[in-house]
Each structure stands twice: as C-alpha cells, then as structure tokens.
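Enquirer: Take a look at the following structure, please.
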Amino acid sequence: AISLNEPHAPLYEASHASEIRLLYALFEDAQRSRVAHGERLRAILQGRSSGSFAESDRDPDVLLKAIRRGESAGAHRILERAYARAFDDEESAGAELRSAIEGHPAWPWLDGVKGIGHLLAARLLSRLDITRARTPSAFWAYCGLATIPGIGYRCPRCGLEVAYPVGYRPTAAHNVMSGTRECLGELHTVDATQTRVAPRRAALGGRAGYDAHARNSCYLIGVSMLRCGGDYRSFYDAERVKLSLRPGWTLKRCHLAALRKMEKIFLRDLWLAWRRAANLPVVAAYFPRI
C-alpha cells in the first residue's frame, strides 16, 4: 500500500522521463522529415533533379524560407506543402520539448551551464532516471563513461603506449607515435593489472554494457562545452596539459581522455543538482574538480 501523504517521486520521475523521450523522438522524426523534403526541393530548385521545371537563379535557402511561409517557389506543390507541414511539425514538437525541459527539476541548474541548450538537455535527460542512480558513478556506468580492466602495451621502437580491454587482441600493425606512417616495431605488454580503459562497443551480435544513445549525448555535450568555453572547458584544458606530460600518449588520446573526464565531472554535478532538486539523498562529492 502507498500512503497518499507520501510524495511519489519515483513515479513522477519515470513518467517525466518517458514524456521527454517521446517528445524528443517526435522532434527527431519531424526534423528528419523536414530535412528530407528540403533536400528534394533543393535538388529541384537547383536543376539537379529529373523532375525540375527550370533551374532558379535565386538562393535555394531563400526559396525554402518562402515555402515555409506558404508561398510557392515553382516546384511541385505537393512537395512544397509536405515541406511546410514538416517544418511546422518540427517547430511544434520543439516548442513542446522546450516546455517539458523547462519544467524539469534539473533545468534551473542546466540553464546556467555554457554549451547546453534545450535540445541537448532533452537528449540526455530522456535517457536518465535519477531515482535509480544512487551515486554519480551510476550515471557514469550507464552513459559508458566508467572504466573497465585493461592491458597496457608499449612499442619499444617508437615509444607509443596504448591500452585495450582485457580479452581484446590488438593488431600487430600500428602507426608511429608522431606521424601517420606505419611503425616496424611490435606492441609488448607492459601492464596487465593496473590499467583501466574505456569500454568498447559490443562485438557483432553482442550487447553493449551501456546506453549508446546516452553515450553519444554526453559526447555531443562535451564538444559543445569545448566550443562555448566556461568552467568545464577550463577543467578540460588543465587535464589535457597534465595528460600531455605522459610519455607515449598521442595528442588524440590526451584529447579523448581529458574530454571523458570533463564529461564525468559534468554528470557528477548534474547528479548532485538533480538529486537535491528532487529532495533525494546525496552522497559526498568525489572526483573533485582540480
């Protein structure tokens, strides 16, 4: 039995996440439809389609804007109406999605983070359930940011250092550390006990141990943060400088490792802000920002 005097936070959170996920799916469908119709119209207006009437000298983007307003650009009227409807559907779904996100408990905090808007927030929040995440590391694991045991390798010829999950067989061929040409050296195991690595995609026919959609959302958020600057960009810069001092690490590995740590810091802060807004217990913050 459930007392009517007790808040139903788990039920509310589950229904809210389900609503945001549905709205985001509808928005993506409308966006794909608008883009597809727009590309067909662009091909016709530029004379690249067999159904073109005549190539127009006007900018296709200007003509597409006119079609959105209900005007005709000389293409098939059925296609023009389909494009206009898809644009209206995308705008309507986007408005509903923004309204749902602004009512989310975590939005007041997310609104102050540079690089995150309504769409990126909806993309990530639709995959997360704060009532099931007892610690920030639960978010990390679900989003594919937790580490798993791995084995370190080093090439004595070029000095390259790499690491792969346990059970993964690295290829013998590799490029030299400071270039793109193939190295004639071989990778040798240097650490088989202490190395931790990022989880890899599931093998063909297997199943990933994390939500790939949430992982991609975190990556897009991380890239947006790098472009917009702010506190998280400062953390990334500091981490990348430290990682660049490690011998054998390529620039790409330093970038991805620093980006991953920045995303984990963001998820930790999101977990704290969301749990507090939902009046749920929190644990002492770990993995402090430095």
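The values are calculated or read from the model by the stated rules, or taken from the named source; none is laboratory data. These numbers were taken from a predicted model, which means no experiment stands behind them. A quick note on method: Cβ atoms are made from the backbone with ideal geometry, for glycine too, and the neighbour counts reach across all protein chains shown. For accessibility, only protein heavy atoms count, side chains too; no ligands or nucleic acids. Shrake-Rupley method; radii C 1.70, N 1.55, O 1.52, S 1.80 Å.
Enquirer: Could you look through region 238-252, keep only residues that are without any contact (Cβ under 8 Å) to a residue 24 or more places away in the chain and buried (at least 16 other Cβ atoms within 10 Å of the Cβ), and pick out the one that is farthest from Cys155 (Cα to Cα)?
Expert: Filtering region 238-252 for residues without any contact (Cβ under 8 Å) to a residue 24 or more places away in the chain gives 239-245, 251-252.
Remaining after also requiring buried (at least 16 other Cβ atoms within 10 Å of the Cβ): 239-240, 243.
Details: Glu239: 25, Arg240: 23, Leu243: 19 Å.
Within region 238-252, the match that is farthest from Cys155 (Cα to Cα) is Glu239.
Enquirer: Looking only at region 201-221, decide whether some residue is within 30 Å of His104 (Cα to Cα) and among the aromatic types (Phe, Trp, Tyr).
Expert: Yes, region 201-221 contains a residue that is within 30 Å of His104 (Cα to Cα) and among the aromatic types (Phe, Trp, Tyr).
Enquirer: Now, a different point. Taking the conditions exactly as written (in a loop (DSSP other than H, G, I, E, B), surrounded by fewer than 17 Cβ atoms within 10 Å (Cβ to Cβ) and out of contact with any His (no Cβ under 8 Å at 6 or more places or on another chain)), does Ser178 satisfy them or not?
Expert: The answer is yes for Ser178.
Residues are listed down the side, and each one gets a yes or a no for (1) over 30 Å from Leu280 (Cβ atoms); (2) at pLDDT below 70; (3) over 30 Å from the mean Cα position of the chain (by Cα):
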{"site": "Ala1", "(1), (2), (3)": "no, yes, yes"}
{"site": "Arg21", "(1), (2), (3)": "no, no, no"}
{"site": "Phe27", "(1), (2), (3)": "no, no, no"}
{"site": "Gln31", "(1), (2), (3)": "yes, no, no"}
{"site": "Asp59", "(1), (2), (3)": "yes, no, yes"}
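Conditions (1) in a loop (DSSP other than H, G, I, E, B); (2) modelled with pLDDT of 85 or more, marked per residue:
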site: Ile151; (1), (2): no, yes
site: Pro170; (1), (2): yes, no
site: Arg207; (1), (2): yes, no
site: Tyr210; (1), (2): yes, yes
site: Ala214; (1), (2): no, yes
site: Leu226; (1), (2): no, yes
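Enquirer: Taking the condition of a type in the set (Phe, Trp, Tyr) and surrounded by fewer than 19 Cβ atoms within 10 Å (Cβ to Cβ), does Trp109 pass? Before you say what the answer is, go through the steps one by one.
Expert: Details: of a type in the set (Phe, Trp, Tyr): yes; surrounded by fewer than 19 Cβ atoms within 10 Å (Cβ to Cβ): yes.
Criteria met by Trp109.
Enquirer: Can you name every residue in region 71-95 that is open to solvent by 50 Å² or more (accessible area, probe 1.4 Å) and over 30 Å from Ala121 (Cα atoms)?
Expert: Glu71, Ser72, His76, Arg77, Ile78, Arg81
Enquirer: Take Leu120 and decide whether it is closer than 30 Å to Val197 by Cα and in a helix (DSSP H, G or I).
Expert: Values: closer than 30 Å to Val197 by Cα: yes; in a helix (DSSP H, G or I): yes.
Answer is yes for this residue.
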